[in-house]
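None of the figures in this text is laboratory data; all of them are computed from the coordinates on show. What you are looking at is a predicted structure, and each value in this text was computed from that prediction instead of being measured. Cβ sites come from the backbone with ideal geometry, for glycine too, and all protein chains shown count toward neighbours.
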Amino acid sequence: MHPATASAAFVNHVLNTAEQYGCDGELLLNEIGLQRERLADPILRIPMHQLRALLELAVRMSGLPHFGLLVGAAVRPGSYGVLGAVSMTSATLGESMSMIRRFGKIVFDSPSSQTHIVIGDGRVLLEDQRITELEPYCACQQDAVLAGWTAFGRWLIGSSAALLEVQMIHPAQGDAALYDEFFGCPVQFNAPRNALVFPEAMLAARIQGADPRTHKSLLLEADLQLGRSYAPLSVIGRLRALLIEHMPGGEVSLDGLASELAMSPRTLQRKLAAEGESFSQVLETMRMELADHYLRRTDSSVMEIALMLGFSQASAFSHAFRQSRGISPADFRKTLRAG
């Protein structure tokens, strides 16, 4: 069974919140044995036990028993990495919720819990369902999860709509009134589950930043990251994720991406060579995989696809595609539709 991990993006969010409430960030990191440099790459995985230790130490250092609630209240898209981005570009709150169920393990990948959604009688129950006792229970982490879902949902739709009900397995961490004030409804502590309950009608709420084209690209990136969340990330895997992020803007230079990976261009080339690849090979493979995806599953024009892949002209993309596939992008799409 794979070890439980959390995304570096979320761990970094916790650390930033702790520092905002007076904690010494360097002392926190030293105490839990984590280097700040590891948090610079948002797609790296951090052992879950280090996240729990960070949360519990921040509670003691800040003197705020409800620190988990504060962590959740401060959640924004960047706190969840690519899950935040793919949710932010969804059309509705309901679609965004489906992203949490599909890609939630990008943020918290644990064999002990799963996202569970029940819809009925005009209500939606969104539960962080505990399914095994393999991982220690952390009340601060659960506060952060439920408050984070709430804060993020409110941010997405631009509304501080109150929930119908909140249930938590653990007792209140500090003043229970702080929970009622944040969630906008009474919170049931010592409950059988950790869950939010809200009106089903909220699923149709429109998301302010909805962007169908960007959403499709981010779905592919999220799929790639989800596949890697069960294994240590290779240099090639990290490079592929960065390529997906930067190609639409044409920012795919060796020097630039090496810098984002916190290494020199020569070191990046050496590490890629150790895995049997080169920068140009990874870039070409990534472009052709994405080209195949866009041509098969979207109605984007050849020019639009060229720009999304970092080409300045459709002719350059068509030439590269023909060299790789032996057929032009336009003819490739015609063949698919004819079949």
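Below is a table of values for the structure above.
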{"quantity": "Angstrom value of the Kirkwood radius, inverse mean 1/r, which spans all Cα pairs in the chain", "calculated": "21.6 Å"}
{"quantity": "The range 1-30 and the range 272-323: distance between their alpha carbon centers, rounded to Å", "calculated": "36 Å"}
{"quantity": "Ascending count of other beta-carbon atoms within 10 Å, so fewest first, for Arg270, Arg154", "calculated": "Arg270, Arg154"}
{"quantity": "Net dipole in debye of the range 234-338 [+1 Lys, Arg Cβ; -1 Asp, Glu Cβ; about Cα centre; nearest 20]", "calculated": "300 debye"}
{"quantity": "Values of log10 I(q)/I(0), in the order q = 0.11, 0.13, 0.17 Å⁻¹, for the range 76-213 under a Debye, Cα-only, solvent-free model", "calculated": "-0.38, -0.54, -0.94"}
{"quantity": "Length-normalised contact order for the range 112-167 - Cα pairs under 8 Å, 6+ apart - percent", "calculated": "24 percent"}
{"quantity": "Charge-dipole axis of the chain as Lys and Arg at +1 and Asp and Glu at -1 on Cβ define it, positive-most pick from Ile117, Ala161, Thr267", "calculated": "Thr267"}
{"quantity": "Point-charge dipole on Cβ atoms (K/R +1, D/E -1) for the range 5-204, about Cα centre, debye to 20", "calculated": "400 debye"}
{"quantity": "Theoretical FRET efficiency, 1/(1+(r/R0)^6), r = Cβ-Cβ of Ala177 and Glu289, R0 51 Å, to 0.05", "calculated": "0.45"}
{"quantity": "Share of pairwise Cα separations in the range 234-338, more than 23 Å, in percent", "calculated": "30 percent"}
{"quantity": "Sum of side-chain charges, Pro192 neighbourhood, beta-carbon under 11 Å (Lys, Arg +1; Asp, Glu -1)", "calculated": "+1"}
{"quantity": "Net charge, Ile169 excluded, C-beta distance under 10 Å - Lys, Arg +1, Asp, Glu -1", "calculated": "+1"}
{"quantity": "For the range 122-180, convex hull volume per residue from C-alpha positions, Å³", "calculated": "107 Å³"}
{"quantity": "Other-chain or far-sequence residues with amide H under 5 Å of Val124's (modelled H)", "calculated": "Phe198, Glu200"}
{"quantity": "Relative contact order (percent, whole number), the chain, Cα cutoff 8 Å, 6+ residue spacing", "calculated": "15 percent"}
{"quantity": "Over the chain: helical MRE at 222 nm, DSSP H runs n ≥ 4 each giving -39500 (n - 2.57), nearest 500", "calculated": "-16500 deg cm²/dmol"}
